[in-house]
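The values are calculated or read from the model by the stated rules, or taken from the named source; none is laboratory data. What you are looking at is a predicted structure, and each value in this text was computed from that prediction instead of being measured. Neighbour counts are summed over all protein chains in view; Cβ atoms, including those assigned to glycine, are modelled from backbone coordinates with ideal geometry.
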Amino acid sequence: MSSVQRQDLVLFSDQSVLPAHFFQDSNFHNLFFVTHRSSTQPLWLINALIEAHVLGSPNSLNEASSSPLSSSTRSHAVVASFIHEQNHFINSLNKLKIPSNNYHVLDFLSDFVITSILNKPRHKILRDLLAKFSAAIPNAPADTIVIIEQPELLLSLVNGLTYSELNNAFITPLLKQCQILIIVSNSDIFNIDDFDVSLHSSNLQNFYKSTFIKSMINLNLNPLKTGFAKDVTGSLRVCRGGSPIATPSNTNLHVVENEYLYLHEKESTKLFYR
Amino acid sequence: MASSSHNPVILLKRVFSLTENSPLILCLDSMAQTSYRVVEEFMYQSKKKGNEWSIVYISFETVNKPSWCTQFIDATQMDFVHLMRQITSYLPAASATQAKKHMVVIDSLNYIATEHITRFLSEIASPHCTMIATYHKDITDDDHAVIPGGSSNYPDKLTLLQFMATTILDIDLTLTGDLDIEEVNELLNEFRIPRGLNNDVFQLRFVNKRKSGRSLEYDLMIDSNNHEYNLLLNTEQEEQESGNGLETPEMLQGLTTFNLGTSNKQKLAKDQVALPFLEAQSFGQGGAIVYQYEKDDDYDEEDPYEDPF
C-alpha cells in the first residue's frame, strides 16, 4: 500500500464527498439526508459539505493543510434554516474563509410565522417558500447544492399540513431545482419514551421515513451510547439510503458505508474511524 | 401449503418477465430494503424475454426518470382527477380487442388517499395492462380516520391492497453485518440508521394467487447482481424437517454419564443391516402363499373344505 490510512471524510467510492458526476447533467437530482440529535449538532458537517462543494475538499476537518483555493468550477450553495438565523451560518462560513459570493443563506426563522404563515393558505405558503429558493439559485451554471435545515418544522407550523403534501408541494419540487438537496433533520422525536402516538407525531415520523426512502445517502450523527467522553463528541454513520444514485453515465459509483467518531472542539473537528 | 407441482423460481421468473398473467403486482417494501431493485428485476427479466411493452411510470417520489420508461408522469403536482385523465390517455381502452401490452409502475401507493385507492386501481386495470405498485409498509396510513362518510369498519389501505393484489412481493432485508434482526429493528425505531441496509441481496416473500383462488407462498433469496433466485425453506417446512431429522451427537452430550452417542463405525454397521420389511418389498408384484406339503400332511383333493389356502 502506498499511503497510510487516512481518516478523511469519504462518502463515495471515488474517494470524494461530492462526486463531480453529480453535476454533469442538470436532469439528475440526488437527495442527501442528514439526521442528528439535539446533543450532536450538525453545523460542522454542514460546513464540511459546503466546503467540499465550494473549495473542493472539506479542509476544516482534521485540520487538513488547506491548499489555497484552486478555482473551483462548481461553486454555489444555498443554505436555508427553520431553526437558526442567518448569522449562525455566515459567521461560521466566514471563519472557514469561504467567499461570501459562493453561498446564500435564507433565514426562515426570524419573524417567519408572522411574515410567511399567518392567514395564508397552505399551498401559498409552500409556493412562496419555493419562490425564495428559485430566486436564490442562480440559473446558470447548474451546480448549486441546497441545504435545508429542519423543514419538518413546517408540519408543526402550518395547520393541517401532511407529510405527503409537504413532499409533493415543497421537497420534491425543490429537489428538481438543484442537483443535490441536503435535508438536515433532528430525529429526537423517535427517541422520546412513550410519546403519544398522535396523528401529528406519526405525520412527523412518516416525513422522516419517506425522506430516507427518497434519499440515496444518509449521514446520521448520534451521541455515544455510553453517554459522553472527553475525547469523543459523537459518531457519524454513513449509510446507503433507499434510492439509487442518479448519474448520467453508468458509473459504478456507490456509497462507502462507514462509521466515524468525531471530536468537536471550539476551532476544529477531528474524525476517526471507528 | 406449497405445491410440489410448481417450481417457485420458475414461477417468480414468469412473474418478473410478465409471462404469468397477474394484473396487480404489489411490492411491499420498507426503509430497510426498498423496492427499486425488485422493479429493476422486472425490467431485466422482461428485456431478456424480449418483451416490447410500453412502460408508464407514475411517480410521486422518484424525480429521476428511469431510462427504461416510455412515459413518465410526475404526479406530485396533479390532483386526482387530472392524474387519472393523464394516465388513461396513455393506456389502451379496456374494451379494445387487440392492443399493445402496457406496464404501469407506481411509486408509491402511499401517496394516494385511501378513499381513492380502489377507483385509482380499477380505472387503470385492463386486460392489456399490468400494474407494479410499491407500498411502503412502515409509513402509516394517516388518512384512514378521515374518510368522509366512511364506516369505521372500512379496512385500511394495506389490507385493501393485499386483498386486491394478484401477486404480492414482500421485500425484506438480508442481514450481512454482525447485527441481528432485533437490533436492526430497535435502531430503525430510534432512527439511528444502521449500516448494511438496502443490499443487493435480499429476501422476498412471494405470494401468487392462482385463478382457482389458491395462493402459493414461498420465501426466496434474490441476488440482484447476478439475477439469481434461490428458494429458502420457510420456517414451517424447516421445523417439519428438523422434527423428523436424526438426533445429532451434540444433543445427547452432557445428559448422562453413559455414552448415548453413536460412533461412525456403529452408524455404518447400522445402515448395512437389511431390514425384513425391505426384503418383503422386493418380493415382486402381488402376494402369494406358497404351501409346501410335508410328508405327514393328510390332504384329500376331493374334499372341498380342505383348502390349504
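Here are the numbers for the structure shown:
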| read-out | value |
| --- | --- |
| Complete set of residues in the stretch B:129-145 that are within 11 Å of another protein chain (Cβ to nearest Cβ) and not in a loop (DSSP other than H, G, I, E, B) | B:THR134, B:HIS136, B:ASP142, B:ASP143, B:HIS144, B:ALA145 |
| Of all residues in the stretch A:14-60 being more than 14 Å from chain B (Cβ to nearest Cβ) and among the charged types (D, E, K, R), the one that is surrounded by the most Cβ atoms within 10 Å (Cβ to Cβ) | A:GLU51 |
| Selection within the stretch B:174-218 - over 30 Å from A:ILE189 (Cα atoms) and among the basic types (Lys, Arg) | B:ARG205, B:LYS209, B:ARG210, B:LYS211, B:ARG214 |
| Residue satisfying condition, being within 17 Å of A:THR211 (Cβ to Cβ) and not small (Gly, Ala, Ser), within set A:LEU157, A:LEU161 | A:LEU161 |
| Residues within the stretch B:27-79 that are surrounded by 19 or more Cβ atoms within 10 Å (Cβ to Cβ), farther than 20 Å from A:ILE213 by Cα and at the interface with chain A (Cβ under 10 Å from one of its Cβ atoms), tallied | 0 |
| Residues (modelled with pLDDT of 90 or more and hydroxyl-bearing (Ser, Thr, Tyr)) located in the stretch B:1-18 | B:SER17 |
| Candidates A:ILE182, A:ILE137, A:ILE83 - the one that is more than 21 Å from A:TYR208 (Cβ to Cβ) and away from chain B (no Cβ under 14 Å) | A:ILE137 |
| Test for A:ASN222: is it more than 18 Å from B:LEU197 (Cβ to Cβ) and within 10 Å of chain B (Cβ to nearest Cβ) | no |
| Cβ-Cβ under 7 Å pairs, at least 6 apart or on other chains, the stretch A:200-217 side more than 9 Å from every other protein chain (Cβ to nearest Cβ), far side in a helix (DSSP H, G or I) | A:SER201/A:ILE189; A:LEU204/A:LEU155; A:LEU204/A:ILE189; A:PHE207/A:LEU155; A:PHE207/A:TYR163; A:PHE207/A:LEU166 |
| Candidate set: the stretch A:140-154, residues that are over 19 Å from A:THR211 (Cα atoms) and of a type outside the set (S, T, N, Q); chosen: the one surrounded by the fewest Cβ atoms within 10 Å (Cβ to Cβ) | A:ALA140 |
| Subset tally (residues that are more than 9 Å from chain B (Cβ to nearest Cβ) and buried (at least 21 other Cβ atoms within 10 Å of the Cβ)) for the stretch A:225-244 | 3 |
| Lone unmet requirement of (1) closer than 30 Å to B:GLU20 by Cβ; (2) modelled with pLDDT under 65 for B:GLY284 | (1) |
| Test: residue in the stretch B:90-108 that is surrounded by fewer than 17 Cβ atoms within 10 Å (Cβ to Cβ), in contact (Cβ under 8 Å) with a residue 40 or more places away in the chain and not in a helix (DSSP H, G or I) | yes |
| Check on A:SER249, more than 10 Å from chain B (Cβ to nearest Cβ) and farther than 27 Å from A:LEU61 by Cβ | yes |
| Condition met for A:LEU261 (buried (at least 16 other Cβ atoms within 10 Å of the Cβ), free of Cβ contacts under 8 Å to residues at least 40 places away in the same chain and either closer than 14 Å to A:GLN41 by Cα or away from every other protein chain (no Cβ under 14 Å) (or both)) | yes |
| Among residues of the stretch B:165-198, those that are surrounded by 16 or more Cβ atoms within 10 Å (Cβ to Cβ), more than 10 Å from chain A (Cβ to nearest Cβ) and either of a type in the set (D, E, K, R) or without any contact (Cβ under 8 Å) to a residue 12 or more places away in the chain (or both), counted | 2 |
| Condition met for B:MET84 (within 14 Å of chain A (Cβ to nearest Cβ) and in a helix (DSSP H, G or I)) | no |
| Failed item in (1) within 19 Å of the chain's Cα centre (by Cα); (2) at pLDDT 90 or above, with A:ILE189 passing the rest | (2) |
| Selected residue (criterion: modelled with the highest pLDDT) from residues of the stretch A:140-186 that are under 27 Å from A:HIS21 (Cα atoms) and of a type in the set (D, E, K, R) | A:GLU149 |
| Candidates B:SER152, B:SER108, B:SER126, filtered to the one that is hydroxyl-bearing (Ser, Thr, Tyr), more than 13 Å from every other protein chain (Cβ to nearest Cβ) and under 28 Å from the mean Cα position of the chain (by Cα) | B:SER126 |
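Every residue, every condition in (1) acidic (Asp, Glu); (2) touching a residue at least 24 places away in the same chain (Cβ under 8 Å); (3) in a strand (DSSP E or B), yes or no:
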{"residue": "A:SER116", "(1), (2), (3)": "no, no, no"}
{"residue": "A:ASP128", "(1), (2), (3)": "yes, no, no"}
{"residue": "A:ASP143", "(1), (2), (3)": "yes, yes, no"}
{"residue": "A:ILE147", "(1), (2), (3)": "no, yes, yes"}
